[in-house]
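The values are calculated or read from the model by the stated rules, or taken from the named source; none is laboratory data. Quick caveat: nothing in here was measured; it's all calculated off a predicted structure. As a convention, Cβ positions derive from the backbone with ideal geometry for all residues, glycine included, and neighbour counts pool all protein chains shown. The area values use the complete protein model at the heavy-atom level, side chains included, leaving out ligands, DNA and RNA. Shrake-Rupley method; radii C 1.70, N 1.55, O 1.52, S 1.80 Å.
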Amino acid sequence: MLIMIVLLLLGFPMMIPLITAAVAGFIMMFGGLGQMDTFIQQVLGGIRPASLIAVPMFILAADIMTRGHSADRLIDMVMSFIGHVKGGLAVSTAASCTLFGAVSGSTQATVVAIGSPLRPKMLKAGYSDSFTLALIINASDIAFLIPPSIGMIIYGVISETSIAELFIAGVGPGLLILVLFSIYCLIYATVNNLPTEEKSTWKQRAKAVQLAVWPLMFPVIIVGGIYGGIFSPTEAAAVCVLYAVLLEFVIFKSLKLPDMYTIAKSTGLITAVVFILVGVGNGFSWIISFAQIPQTILDAVGVNDMGPTGVLISICVAFFVACMFVDPIVVILVLTPIFAPAIAATGLDPVHVGILITLQVAIGSATPPFGCDIFTAIAIFKKPYWEVIKGTPPFIFILVFSAGLLIAFPQIALFLRDVAFG
Amino acid sequence: MSEDDTQHFTSHLPGFLGTIDEWISKLESFILALGVLLMAVNTCVNVIARFGFGKGLFFSGEINRILIIMITFAGIGYAARHGRHIRMSAIYDAIPFTGRKILMICIALFTSAVMFFLCYFAMVYIISVFERGRVLPALQIPIWTIYVWVPIGFFVTGVQYLLTAIKNITASDVYLSTQVLDGYSDSEREV
Amino acid sequence: DTWRYAHEEYEGDVQDVYAYKFKEYVEENSEHNVQVYRFGELGESDDIMEQTQAGILQFVNQSPGFTGSLIPEAQIFFIPYLMPTDFDTVVQFFRESDAINEDFVELYADQGLELLKMYPEGEMVVTADEPVTTPSGFNGKKIRVMTNPLLSSTYEAFGATPTPLPWGEVYGALQTNMIQGQENPIFWIESGGLYEVSPNLIFTKHGWFTTAMMANQDFFEDLSADEQEMVRMASEYAFNETIEHIDGLAEESLDKILEASDDVTVTRLSDSQIEAFKKRAPMVEETFIDMTGNSGQALLDQFKADLDAVQ
Ligand code: NA
Ligand code: NA
């Protein structure tokens with residue numbers, strides 16, 4: 001375990017600490033390397049679930065929209081409505097992240113799609129860079145909660161929870177966070193006396209909506225298709241790709257055929273980088289499970305005697321802290337099976353737990369010292385570490401507060417699910 | 001997303017080996033793109049066949065399973081080539097140049113060794129799957145055939161990390177891969 | 001020693017009951033311990049099978065539906081109306097059949113496995129979006145099946161459209177009407193809540209969900225004769241206890257379902273209705289023979305002879 005953390009911190013590729021720890025586990029359990037082929041079996045087992053194809057498909061769809069016109073048109077529409085209010089630019093950024101979240105499954109895609117065009121505008125309007133960066137990083141977390149969401153897909157696959165139910169349950173908390181962020185943006189803009197954008201006329205707004213109508217159909221297609229029984233949540237991802245291709249290549253004509261090759265290749269690359277972690281993560285949890293370590297730890301800590309709220313809080317703390325250090329997908333992969341017995345024993349709703357985990361993972365990955373969103377932002381915006389994290393504390397406070405609300409009032413998440421699935 | 005920075009790959013290997021290396025790189029990127037596109041097409045065709053014509057493709061799920069393995073194991077070599085494997089570099093970045101260089105050589109050598117190690121056991125595993133003769137239920141093809149990418153992928157990745165170590169030993173700068181210089185300014189990460 | 005035993009189901013399910021009864025007997029009658037791993041703890045069904053073949057696990061419980069990709073003959077249990085419908089006759093068949101206790105033992109031995117016991121888990125019940133009593137009633141209905149060609153052939157013969165879907169997506173797909181039905185033993189329909197989204201239960205009497213418990217053969221052969229005997233006794237003990245457990249389980253589950261939901265309908269096919277479905281069975285037998293050749297034909301003949309003997 002210690003070796004694992006040291007390797008991780010030293011900057012080894014993230015799969016290496018997982019593999020090394022697993023190999024150590026195999027040597028301990030079997031007294032040698034004779035059974036290492038089972039590790040390979042489990043690496044392949046990890047990338048076997050059919051639902052995982054949703055990951056490359058949602059990445060592909062988001063990439064097509066970002067390189068094409070869809071993302072820009074969504075931003076323009078949001079701006080035309082709320083750009084003029086106090087802090088409107090910041091609120092627009094948060095709202096755009098939420099809206100783009102409804103078409104994309106990953107936080108990092110959202111950071112790029114919304115952050116890249118809006119950050120220069122915010123800086124020009126007088127927002128400080130640290131506030132802007134913190135807002136972009138944290139508002140992108142909303143995209144993780146608004147369906148579709150890669151984190152929910154992976155949680156659903158591992159815990160065998162309905163992905164359709166997780167999707168709809170993420171909407172409530174996502175909107176709650178948007179509202180809280182907007183309030184903070186408003187206060188920030190008022191305190192710092194920031195100028196507002198020019199108010200758009202209704203004619204301009206109508207025009208912006210008209211331009212955004214096509215991309216706005218995405219959530220309609222996803223939700224309608226899934227709940228109308230046309231396709232499963234997994235297949236919805238591929239249908240999104242089809243629709244994105246239709247928009248950008250046929251209707252907007254913003255991309256050309258060779259672009260498709262580049263986009264597909266880049267999607268494949270990200271998929272491989274994520275899936276090899278999913279695979280070795282599965283191999284790692286196999287040996288942990290074989291050695292009965294989760295049961296031993298949970299018994300020692302006494303999680304099973306904590307009651308539902310105690311279990312929920314333990315889950316939150318574990319995921320939050322782990323995500324400050326490790327990639328969220330790896331955390332979901334490794335920790336979910338460990339907590340599964342405690343979740344089952346206390347009779348918690350796995351959908352409620354899933355939403356809470358998704359939220360914790362999103363918060364943790366935007367939290368210093370090592371949250372991975374921070375490094376995405378450093379890489380994309382080429383700003384130093386300190387500048388990127390300086391503005392994050394208020395946002396993290398709001399997110400933790402939301403997590404508390406979600407524990408106290410599960411209905412924030414479950415209300416819509418219960419309406420949809422009665 | 002950011003502009004593609006994996007467009008051109010020029011091998012640093014001499015002569016004939018370099019040509020092979022460049023071909024492998026082209027092949028990897030072709031497999032990645034093709035795999036992703038086929039996955040989208042396969043899944044959409046299944047939806048249309050099931051909803052539009054009342055009968056889905058029985059083997060659609062198995063095709064996607066084959067493609068996932070293909071993409072993952074063609075992709076890990078390609079990602080190593082372009083220094084794109086997810087890593088946490090906060091402490092590493094804070095270390096002065098010489099330390100970083102030594103550390104990068106250690107990382108590359110160790111990672112390379114781990115990849116060759118997994119390549120060996122992937123072959124052991126494939127042989128046992130071959131001997132047991134399990135088939136894919138719908139397509140009825142032997143399962144070992146869909147796993148052949150696995151040792152190849154580990155092997156290519158191992159070679160790439162080995163070359164990265166050599167590059168760091170011979171060149172004056174610090175390299176994340178044979179292609180990519182360390183430092184955020186020239187290694188814009190695609191997400 | 002600690003012997004490791006993996007099965008495919010959750011806590012309290014039939015395979016779990018069997019595993020814990022086996023463990024109980026072994027631990028009382030020997031110095032060994034048995035560590036039971038449930039579904040998902042060590043991977044999916046195919047994974048635990050391979051791990052047993054590799055000797056990491058000593059015992060595994062796998063249903064022939066999954067074994068079909070390794071031992072095609074195991075799919076014989078998917079041929080509809082082959083097995084008797086009455087519980088006591090089924091139990092007697094499993095106890096006395098040469099096909100089960102000799103032919104299958106050889107088939108598993110070819111894969112390095114010592115077959116210790118085959119046992120029924122429960123009668124298969126179809127659930128659908130409306131009560132169905134005839135093959136034409138299944139026309140155009142997408143019925144979820146495991147990805148298994150023979151099972152798929154059964155539902156094609158019944159007039160339905162077999163649709164493979166991972167287990168995790170079944171509930172949601174029934175809910176959204178992406179599929180119109182599925183089949184499972186009644187206690188799974190109850191514990192998985194499937195009746196909530198697919199409330200019309202149809203007792204077609206076409207088959208039993210069967211499963212098999214086996215050991216790694218090298219491990220088993222290295223045991224002393226006494227220990228081998230003890231393991232066989234443990235399997236027998238677990239079999240008897242499990243049969244007692246499932247006797248009446250179906251009625252209990254059905255009662256729970258009827259209590260929980262007012263939408264549920266129960267359709268028990270009459271003999272003449274069953275006849276219409278039975279007529280379609282030879283099509284599936286043909287598919288089975290196509291897939292398994294002479295060895296499958298011989299097994300099928302033996303099966304039928306054994307059935308005549310008990311009926
Ligand atoms: Na999203
Ligand atoms: Na995040």
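Accessible area per residue for chain C is 38 Å², calculated with a 1.4 Å probe on protein heavy atoms, without ligands, DNA or RNA. Taking C:GLY68, C:GLY172, C:GLY112 in turn, the Gaussian network model of chain C (Cα-Cα springs below 10 Å) assigns the largest fluctuation to C:GLY172.
Computed from protein heavy atoms with a 1.4 Å probe, the total accessible area buried between C and A is close to 2000 Å². Only protein heavy atoms count here, probed at 1.4 Å, and on that basis chains B and A bury about 6100 Å² of accessible area in total. Here chain B is assigned +1 on the Cβ of each Lys and Arg and -1 on the Cβ of each Asp and Glu. Its dipole about the Cα centre then comes out at about 700 debye. For region A:46-60, putting each phi into the Karplus relation 6.51 cos²θ - 1.76 cosθ + 1.60 with θ = phi - 60° gives couplings of x, 9, 7, x, 4, 5, 5, 4, 4, 5, x, 5, 5, 5, 4 Hz, in residue order, rounded to whole numbers and with x for Gly and Pro. In region B:13-170, the portion of solvent-accessible area held by carbon and sulfur atoms comes to 80 percent [1.4 Å probe, whole percent, DNA, RNA and ligands not counted]. Annotation: per residue accessible area for chain A equals 33 Å², rounded to a whole number [probe 1.4 Å, protein chains only]. Run down the lysines and flag those whose C-alpha is under 16 Å from the C-alpha of C:LYS21, throwing out any fewer than 8 positions away in its chain. Correct list for C:LYS21: C:LYS117.
Accessible surface area normalised per residue over region B:13-170 is 41 Å², counting heavy atoms of protein chains with a 1.4 Å rolling probe.
About the centre of its Cα atoms, chain C shows a dipole size close to 1320 debye [charges on the beta carbon of Lys, Arg (+1) and Asp, Glu (-1) only; nearest 20 debye]. Only one residue of C:GLN311, C:VAL170, C:SER69 has its Cα farthest out toward the positive end of the dipole of chain C, where Lys and Arg carry +1 and Asp and Glu -1 on Cβ, and that residue is C:VAL170. The calculated pair-distance distribution of the protein assembly as shown uses every alpha carbon pair, bins of 10 angstrom beginning at 0, and gives 2, 12, 21, 24, 20, 12, 6, 2, 0, 0 percent.
When you restrict to C-alpha pairs under 8 Å that are six or more residues apart and normalise by the size of chain A, the relative contact order lands at 25 percent. Taking the Cα atoms of chain C, the ratio Rg/Rh between the radius of gyration and the Kirkwood radius comes to 0.96. Across C:GLU229, C:GLU244, C:GLU27, A:GLU235, the residue with the most accessible area heads the list, and the full order at a 1.4 Å probe is C:GLU244, C:GLU229, C:GLU27, A:GLU235. Against the main long axis of the alpha-carbon atoms of chain A, helix A:15-30 sits at an angle near 20°. The alpha-carbon of C:LYS279 sits under 20 angstrom from the alpha-carbons of these lysines, leaving out residues fewer than 8 places away in its chain: C:LYS141, C:LYS205, C:LYS304.
Springs between Cα atoms under 10 Å define the GNM used for chain C, and in it the highest mean-square fluctuation of C:ALA238, C:ALA54, C:ALA19 occurs at C:ALA54. Here, P(r) means the percent of Cα pairs in each 5 Å bin from 0 to the largest distance; for region B:13-170 it is 2, 8, 13, 16, 16, 14, 11, 8, 6, 4, 2, 1, 0.
Can you give me the angle between helix A:411-421 and the longest principal axis of chain A, using Cα atoms only, in degrees from 0 to 90, rounded to the nearest 10? Its long axis makes an angle of about 90 degrees.
For region C:38-55, accessible area lost to neighbouring protein chains reaches 30 Å² or more, against the chain alone with a 1.4 Å probe, at C:GLU41, C:LEU42, C:GLU44, C:ASP46, C:ASP47, C:GLU50, C:GLN51, C:GLN53, C:ALA54. Each stretch of four or more DSSP H residues adds -39500 (n - 2.57); spread over every residue of chain A, this sum gives -25000 deg cm²/dmol at 222 nm.
The long axis of helix B:15-53 is offset from the longest Cα principal axis of chain B by roughly 30 degrees.
Report the relative contact order of chain B, percent, no decimals, based on alpha-carbon pairs under 8 angstrom and at least 6 residues apart.
Numbers: 211 pairs, mean separation 52.3, N = 191.
After rounding, I find 27 percent.
Surface composition of chain A: carbon plus sulfur atoms contribute 71% of the solvent-accessible area (1.4 Å probe, protein chains only, all chains present). Working note: 222 nm ellipticity from helices only, DSSP H runs with n ≥ 4, each -39,500 (n - 2.57), summed and divided by the residues of chain C, gives -14000 deg cm²/dmol to the nearest 500. Excluding same-chain neighbours fewer than eight residues apart, the lysines reachable from A:LYS86 by a Cα-Cα span under 21 Å are A:LYS121, A:LYS124, A:LYS199.
At a threshold of 50 Å², the residues of region C:157-183 that become less accessible to a 1.4 Å probe in the full protein assembly than in their chain on its own are C:GLU169, C:GLN175, C:THR176, C:MET178. Applying a length cut-off of 24 Å (Cα extent along the axis) and a mean Kyte-Doolittle floor of 0.0 to the DSSP H helices of chain C leaves C:281-310. Across region A:228-339, the mean sequence separation of Cα contacts (distance under 8 Å, 6 or more residues apart), normalised by length, yields a relative contact order of 26 percent. Our coupling estimate for region A:77-86, obtained by passing each phi through the Karplus curve with A = 6.51, B = -1.76, C = 1.60 and θ = phi - 60°, is 5, 4, 4, 5, 8, 10, x, 8, 6, 4 Hz, Gly and Pro reported as x.
When the other protein chains are added to the chain by itself, burial of at least 40 square angstrom of heavy-atom accessible area (probe 1.4 Å, ligands and nucleic acids ignored) affects these residues of region A:54-76: A:MET57, A:ARG67.
The mean number of partner chain beta-carbon atoms within 10 angstrom of a residue's beta-carbon across peptide B:95-108 is 1.
Mind checking which of C:HIS7, C:VAL132, C:ILE100 is farthest towards the positive end of chain C's charge dipole, using Cβ charges of +1 (Lys, Arg) and -1 (Asp, Glu) about the Cα centre? About the Cα centre, the residue reaching furthest to the positive side is C:VAL132.
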